[in-house]
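Undergrad: Here's a structure for you.
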Amino acid sequence: MSPPTALPRLDTLLALAAPGAHAVADIGYDHGLLLLRLGRADPHVRLYGVEVQPGRADALRTRWPVQVQDLGARLTLLEGDGLEVLPAGAVDTVVIAGLSDRSIVRILERSRERLRGLRRLVLCPSRVEATLRPALPRLGLRTVEERIACERGKTWDVIAAEPGAPLAAATPAEERWGPLLVARRDPALRLHLEHLSRVYAPAFAHDLGGHRDAAGALSPLGEKLAMLPELRARAAGWDDAPVEARVDD
Ligand SMILES: C[S@@+](CC[C@H](N)C(=O)[O-])C[C@H]1O[C@@H](n2cnc3c(N)ncnc32)[C@H](O)[C@@H]1O
């Protein structure tokens with residue numbers, strides 16, 4: 001039996017992580033499908049999987065024995081929390097996907113020193129991010145590519161960042177929602193904004209009340225959502241292509 005092939009979110013991670021990588025760490029590898037995909041895409045790349053959950057390495061070897069055996073000594077599976085369990089200097093590329101934006105920021109902040117030695121990070125929060133893009137400049141990281149991954153009617157930010165000075169400031173809405181996505185008028189961002197307008201319709205109907213503190217101040221997510229309607233209206237005029245066509249591409 002072979003691992004599933006039609007997984008656009010993992011393909012987006014692969015597209016941003018693989019080119020130019022010599023050794024990739026997947027932090028929170030869980031099912032291990034990204035590691036298997038990375039190994040298939042490049043027969044020379046070294047792979048490190050890190051999992052905080054005990055037993056995932058055995059589960060991966062049991063589920064995909066042939067594929068894991070094919071990777072041989074190129075694959076190292078480690079149990080632990082974040083980047084700190086990686087041998088120093090072992091990887092040039094780090095992927096963190098499927099964790100909340102706050103967890104990703106916490107992992108990066110704890111390993112600030114290691115970030116400087118990396119070629120690239122590829123980050124894909126599990127839900128709408130409100131704290132990751134704002135954290136990148138203070139971690140010494142510059143956004144070099146942004147995509148919206150679309151799969152089964154859901155959408156995710158995928159952000160590639162590299163050590164370096166941040167990009168010149170965009171408008172607050174562009175900074176929060178993806179300056180590179182806005183700059184190229186990405187139709188997938190339009191889809192993302194439309195999707196989230198539907199998801200958060202009940203919150204908008206209550207003036208984002210659930211995203212305010214007792215004094216009425218918006219949370220970071222509330223602030224980001226407050227910028228959504230205007231950016232969505234702007235994006236509606238970008239492109240005549242039918243965005244629905246991209247939902248499962
Ligand atoms: C929802 S899964 C995502 C799996 C895969 N990365 C993906 O995007 O499909 C999140 C995984 O991250 C692991 N995880 C959470 N925090 C972690 C940490 N600090 N270090 C390593 N693994 C972590 C969890 O145990 C879980 O298996």
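Undergrad: Under the Karplus relation 6.51 cos²θ - 1.76 cosθ + 1.60, θ = phi - 60°, what is the ordered set of whole-Hz ³J(HN,Hα) values for segment 215-223, x standing for Gly and Pro?
TA: Whole-Hz 3J(HN,Hα) from phi for segment 215-223: 8, x, 6, 6, 6, x, 5, x, 4.
Undergrad: Which of the trypsin sites (Lys or Arg not before Pro) across segment 11-117 are loop residues per DSSP, with 14 or fewer other Cβ within 10 Å?
TA: R116
Undergrad: Counting other Cβ atoms within 10 Å of each Cβ, which trypsin sites (Lys or Arg not before Pro) in segment 132-225 have at most 13 and sit in a DSSP loop?
TA: Counting only loop positions with at most 13 other Cβ atoms within 10 Å, the trypsin sites (Lys or Arg not before Pro) in segment 132-225 are R152, R184, R185.
Undergrad: From the phi of every residue in segment 168-184, what ³J(HN,Hα) in whole Hz does the Karplus formula 6.51 cos²θ - 1.76 cosθ + 1.60 yield, where θ is phi - 60° and glycine or proline is x?
TA: Once θ is set to phi - 60°, the couplings for segment 168-184 become 4, 4, 9, 6, x, 5, 5, 4, 6, 9, x, x, 6, 5, 5, 4, 9 Hz.
Undergrad: When only alpha-carbon atoms count, how far does the chain stretch along each of its three principal axes, as whole angstroms with the largest first?
TA: 53, 39, 33
Undergrad: Taking amide H positions as placed 1.01 Å from N in the peptide plane, with prolines and chain starts having none, which residues 5 or more places from V95, or on another chain, fall under 5 Å of its amide H?
TA: A25, D26, I27, V122
Undergrad: Expressed as a rounded percentage, what relative contact order does the chain have, with Cα pairs under 8 Å and six or more residues apart?
TA: 16
Undergrad: On a 0 to 90 degree scale, rounded to 10, what angle separates helix 187-199 from the longest Cα axis of the chain?
TA: In the chain, helix 187-199 runs at an angle near 70 degrees to the longest axis.
Undergrad: Report the one residue of A205, V66, L218 whose Cα lies farthest in the direction of the positive end of the charge dipole of the chain (charges on C-beta: Lys and Arg +1, Asp and Glu -1; origin at the Cα centre).
TA: V66
Undergrad: Taking every DSSP beta bridge with both residues inside the chain, roughly what % is antiparallel (nearest 5)?
TA: Around 40 percent antiparallel, to the nearest 5.
Undergrad: Multiply the residue separation of L167 and L78 by 0.36 nm, subtract the distance between their alpha-carbon atoms, and state the gained length in nm to one decimal.
TA: 28.6 nm
Any read-out appearing in this document is the output of simple, stated calculations on the displayed coordinates, not a laboratory observation. This structure is a prediction, so every number in the text was calculated from the model and none was measured. Note: ideal-geometry Cβ built from the backbone for every residue, glycine included; neighbour counts use all protein chains shown.
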